[in-house]
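Working notes, structure below.
Please treat every number below as a calculation from the coordinates, not as lab data. The shown structure was predicted, so the numbers you read here are calculated from the model rather than taken from an experiment. As a convention, Cβ positions derive from the backbone with ideal geometry for all residues, glycine included, and neighbour counts pool all protein chains shown.
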Amino acid sequence: MSALGSDPVSGPEVVPGGRVSHRPLHFFWILDRSGSMTEDGKMAELNHAIRDTIPAMRDAARSNPEAEVLVRCVTFDSNAQWHIATETPVDDFEWSDITADGETMMDKAIELVAEQLRIPPMSSKALPPVLVLMSDGDATDRGKFEESLKSLDSVPWGKKAVRIAIGIGRTANLDTLQKFINNSELKPLLAVNADQLVTYIRWASTAVVSAVSAAKSTPDKDPSTLAHVVIPAVQVDDVSDVVVW
Amino acid sequence: MSDEHPESGVLQGHDPVGWTLVKSSVIGSSHVRNGKPNQDSARSLGERDQLPVFLAVADGHGSARSFLSDVGSSLATVTALDVLLEFYERELRNLEDTKNLSEAIRSLEGTLPRTIINRWRTAVDPVSKGVLFNYYFSKLPRTQADERREPTELERYMAFGSTLLAAMISEEVLVFLQLGDGDIFAVDHLGNVEFPIPQEETLGEDTFSLCLQKPEQFKVRVVRLNELPKQEWPVLICLSTDGLRKSFEDEGFIQFAKDVVAFAKEHGSSGVQAKISEWFAQYSRNGSGDDVSAIMVFNEVALSAMPFPIAPSEAVADDTQSTHEQPVDDLVGVDETPSSSLGTQSSASTPPSQGATTDLEPDASHSVGHEESESIGDQVLVADQIPNDSQHEGPLHMLGRLISPMQRKKN
């Protein structure tokens, strides 16, 4: 008698194969906490916006239960560090405020994320990861920034990631953010007030998560290229356009 | 030639002398929730206990732009069986000698992918010009400037976009064709799991597709079987859509292949057929959420010759809904040698009666001789490469391979 020895019709339930699990959807916040983020309350608004949208993010994740949304956060100033280092299920995701100080070493944060997008630790059965970069400035070291993008593109899941970028205030360099996105069909968003910032963060953590978690096979001549997930447009009809930042 | 029983998918009531087909196509849990149809198709053709057998599975893309991909995948499997059957009737049914077999393989290699794509297009065309198509197309989100334009040629075929995996098992050859994601695997009489078409490390949802109309993206593998004893033919050949693999973690898919053979050994292939749809629904619900489809062909001769019991899985799918009933102490013949990493082959546990190593190296009667590599159209036949270290490898590994143009470029 073997482990598969039950009656096929009426016996105990035994299922062939190894462990079955939902497909992980890794979501990374990549946040600027350089000194300039203290100006005009940008840092406080960023903290508030992320915390405020957590319930909506959970709802979005529940709408596609076959995707297991796992959240992490890395911040950058004169260095880069994990704010949430472990893969945190969205239902357990809570936000503790970050403070601002230092330069804008965006490259170090991107390198940290790129390291996590290797296989392993990533699984080949994962859904395309979502990377959301937010900054109010420009990369302090352009050369290293370019190098970090190469690192990101050199790992399979880095290349296949859905990359979103949100500029915070008019000091944000949208060209830099566009380079991070690396997809001409997707433009960086620019938030010039707190309402817009909340709207964009909500969009990234709900609409984008929903789109990726419900991603469908897409014909492509070269399946090694960027993820071809249809990202819904952000709705800004009722959002204030008063320029504060 | 007749199709199997439409209800069961099993060639019923045969002695363990032939080949048994088992198949299932289960709608994905996410599709049920969203009111979408099953976009997979699984189709087979074969006489009871006899070869040849023809198999095809296809996975419609299911995105908004592929709004008729359930139709596209169904037409894909019909087309594949049509083309393979026609090829068999023309080239293999009255085959007289090995020379003719080589010519038949050349013919297959040079024409089948293109023929399949052309016939699929021909099958799709009338539907793509109908009112229903235009209705769906008009509902796609588009910019105002785009609103009234006609669909491009790519958009027409994209609406039906689908992968395709197909196989023919005859007395002489195994033929495998694959375009896009999904898996073709074989399990030999020692429990080794082999992928006759090497797996590409593709990530995310992008895939090759019939709608791109690129015959060179087909991967084709032909294996000569006619000089191997049937006991050494694969015990199981399976074609599956990616909803199956993506439901498992890591090596869980390889374990699935081994466990299914173990289950068939104990309960018969009819036992597999009785449970397979239930398993697939569970995989989808607790795993990928995608449609899950597979066609399995069990070689009853080789299955009955396998030692029993076969090393079972130590990991059981599912969270709370299934249980691993058997105490570990009761397991017999479990070889703790870990499986090799996912490549073209993963070795399995070796039953105690077989010993740690098994001589699979063919003797003179098995060998089909050493031939020079030769070009066949756009492809290269590397015939009969039998490395000295092949004794752990299954028959598919021993009997040469066809390399598609894409693989050749990489090499």
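Assorted remarks:
- Sorted ascending by nearby beta carbons within 10 Å, beginning with the fewest, B:85, A:149 become B:85, A:149.
- Counted by neighbouring Cβ atoms within 10 Å, the residues A:132, B:301 run from fewest to most as B:301, A:132.
- Dipole magnitude for chain A: computed about the Cα centre from +1 point charges on Lys and Arg Cβ and -1 point charges on Asp and Glu Cβ, it is near 800 debye.
- Proximal charge balance of residue A:82 [Cβ under 14 Å; K/R count +1, D/E count -1]: -1
- Pairs from the list B:36/B:219; A:125/A:159; A:159/A:179; A:160/A:187 with a Cα-Cα gap above 19 Å: B:36/B:219.
- Per-residue mean of foreign Cβ neighbours for B:56-63 is 3 (Cβ atoms of other chains, 10 Å radius).
- Counting beta carbons within 10 Å around each of B:31, B:61, A:48, A:26 and listing the fewest first gives the order A:48, B:31, A:26, B:61.
- Candidate lysines for bridging to residue B:129, where Cα separation is under 17 Å - those fewer than 8 sequence places away on the same chain excluded: B:139
- The stretch B:128-241, relative contact order [Cα under 8 Å, separation at least 6], %: 31 percent
- Expected-Rg normalisation [2.2 N^0.38 Å, Cα atoms] applied to chain A: 1.10
- FRET efficiency, 1/(1 + (r/R0)^6) with R0 41 Å, evaluated for residue B:132 and residue B:48 via beta carbons: 0.60
- Rounded to the nearest 500, the 222 nm mean residue ellipticity of chain A from helices alone is -10000 deg cm²/dmol, with -39,500 (n - 2.57) taken per DSSP H run of at least 4 residues.
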